[in-house]
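Below you'll find the structure I mean.
The values are calculated or read from the model by the stated rules, or taken from the named source; none is laboratory data. Computed from a predicted model, the values in this text were never measured in an experiment. Positions of Cβ are generated from backbone atoms using ideal geometry, with glycine treated the same way; all protein chains shown enter the neighbour counts.
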């Protein structure tokens with residue numbers, strides 16, 4: 001079963017990126033941004049189970065990643081996924097980090113999110 005630590009270690013190993021904890025009132029929230037242009041490609045946070053459709057009063061880790069809208073639509077109805085918590089639900093998906101989503105798919109989605117956000121948005 002993949003864990004938050006596994007994900008963060010892999011991102012460090014492949015992209016040489018360490019998570020950032022930006023909010024003192026939310027110390028379990030870790031933001032993952034590109035080194036050069038600081039564009040967000042992932043965020044890991046601990047949320048109450050009800051926020052992602054899980055039963056029980058507990059909490060679980062989720063990771064939001066950017067994804068193609070058609071894939072978001074499909075995945076949001078699959079075990080281990082939920083509509084993006086606290087993000088644009090058309091372009092982002094929440095991966096529930098509890099072992100339900102296949103590890104290989106989790107890593108593929110992280111890599112895809114990194115690639116989709118690789119180029120900084122140029123504004124005129």
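What number of residues within region 7-25 satisfy the criterion of being part of a loop (DSSP other than H, G, I, E, B) and either in contact (Cβ under 8 Å) with a residue 24 or more places away in the chain or farther than 23 Å from residue 101 by Cβ (or both)?
Going through region 7-25 one residue at a time, the tally reaches 8.
Hey, among 54, 32, which residue is at pLDDT 90 or above and either assigned to a loop (DSSP other than H, G, I, E, B) or within 21 Å of residue 10 (Cα to Cα) (or both)?
One residue alone meets the criteria, 32.
What number of residues in region 89-108 are at positive phi and surrounded by 15 or more Cβ atoms within 10 Å (Cβ to Cβ)?
0
State yes or no: is residue 65 in a strand (DSSP E or B) and either within 23 Å of residue 6 (Cβ to Cβ) or free of Cβ contacts under 8 Å to residues at least 40 places away in the same chain (or both)?
For residue 65, the condition - in a strand (DSSP E or B) and either within 23 Å of residue 6 (Cβ to Cβ) or free of Cβ contacts under 8 Å to residues at least 40 places away in the same chain (or both) - is met.
With the condition kept exactly as written, say whether any residue in region 68-83 is in a helix (DSSP H, G or I), more than 12 Å from the chain's Cα centre (by Cα) and under 17 Å from residue 4 (Cβ atoms).
Checked region 68-83: no residue is in a helix (DSSP H, G or I), more than 12 Å from the chain's Cα centre (by Cα) and under 17 Å from residue 4 (Cβ atoms).
In region 45-54, is there at least one residue being surrounded by 12 or more Cβ atoms within 10 Å (Cβ to Cβ) and under 20 Å from residue 119 (Cα atoms)?
Among the residues of region 45-54, not one is surrounded by 12 or more Cβ atoms within 10 Å (Cβ to Cβ) and under 20 Å from residue 119 (Cα atoms), which makes the answer no.
Also: Looking only at region 18-38, count how many residues are surrounded by 12 or more Cβ atoms within 10 Å (Cβ to Cβ) and in contact with a strand residue (DSSP E or B) (Cβ under 6 Å, 6 or more places away or on another chain).
Adding up the residues that qualify gives 8.
Right, another one. Keeping to region 92-102, report how many residues are within 12 Å of the chain's Cα centre (by Cα) and part of a loop (DSSP other than H, G, I, E, B).
1
Which condition breaks for residue 86 when tested against (1) under 13 Å from the mean Cα position of the chain (by Cα); (2) modelled with pLDDT under 90; (3) crowded, with 16+ Cβ neighbours inside 10 Å?
Among (1) under 13 Å from the mean Cα position of the chain (by Cα); (2) modelled with pLDDT under 90; (3) crowded, with 16+ Cβ neighbours inside 10 Å, the lone unmet condition for residue 86 is (3).
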